[in-house]
């Protein structure tokens, strides 16, 4: 399997940001880490091994980036409004730097899908929904789609605009709605075991259906916990069955 590590000084974030890719061909799958993890998290937890049959056959090429959650919502030393600013800078990093890097690396017509687990699930879904013109779909695992779960009670306009559960019900702009609905790849999966929140996933699914947004909702059983064995099973299942 081809593996390449690159980095650059991000204008959006003001720091060096690494990115790793695995594979040689196929659609691009951008992985967003959980919580405060780094760009090699998915490799360390054997997700790349789990995806290796698809990578080796050229079905997909995987990219993974750093999280900056410890510089935003998980940093208890920051003012909440500064956390929101940093969060938006991360969004701009993905849109203005990472996606162009992927398309330069894999081809301008490459389909780019985004995926993450836990906090990465919320980020992945939010990043897709806000820019469905450059990200073609999302696979979110074991997530919640209400950013206030992480803001310790803080609320402002920027929390609203990064919380899909809140802004999607009010999204009526045809430009966004048409592109979101055209994706065909919105996958929301969770278990029902320890530390999972299937009710939140069903609630967000209802929000999407109420807007006429087709999506794939998978609620797995009570033996399916909020942990890496779950995600190592889920993501290959979705890639194999839905793509």
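Observations
- Against the test of being at pLDDT 95 or above, over 20 Å from residue 158 (Cβ atoms) and not in a helix (DSSP H, G or I), the options 101, 113 yield a single qualifying residue, 113.
- Within region 56-81, considering residues that are within 21 Å of residue 95 (Cβ to Cβ) and part of a loop (DSSP other than H, G, I, E, B), the one modelled with the lowest pLDDT: 73
- Against the test of being touching a residue at least 12 places away in the same chain (Cβ under 8 Å) and under 16 Å from residue 239 (Cβ atoms), the options 113, 145, 95, 150 yield a single qualifying residue, 113.
- Condition check for residue 168: at pLDDT 95 or above, buried (at least 16 other Cβ atoms within 10 Å of the Cβ) and more than 30 Å from residue 55 (Cα to Cα): yes
- Among the residues of region 201-217, those identified as surrounded by fewer than 18 Cβ atoms within 10 Å (Cβ to Cβ) and under 17 Å from the mean Cα position of the chain (by Cα) are 216, 217.
- Set 170, 225: member being over 16 Å from the mean Cα position of the chain (by Cα) and either free of Cβ contacts under 8 Å to residues at least 12 places away in the same chain or farther than 23 Å from residue 35 by Cβ (or both): 170
- Any chance residue 162 is under 19 Å from residue 150 (Cβ atoms) and in a loop (DSSP other than H, G, I, E, B): yes
- Residue that is surrounded by fewer than 22 Cβ atoms within 10 Å (Cβ to Cβ) and in contact with a strand residue (DSSP E or B) (Cβ under 7 Å, 6 or more places away or on another chain), where the choices are 26, 58: 26
The values are calculated or read from the model by the stated rules, or taken from the named source; none is laboratory data. These numbers come from a predicted model, not from an experiment. Counting neighbours? That spans all protein chains shown, and the Cβs are built from the backbone with ideal geometry, glycine included.
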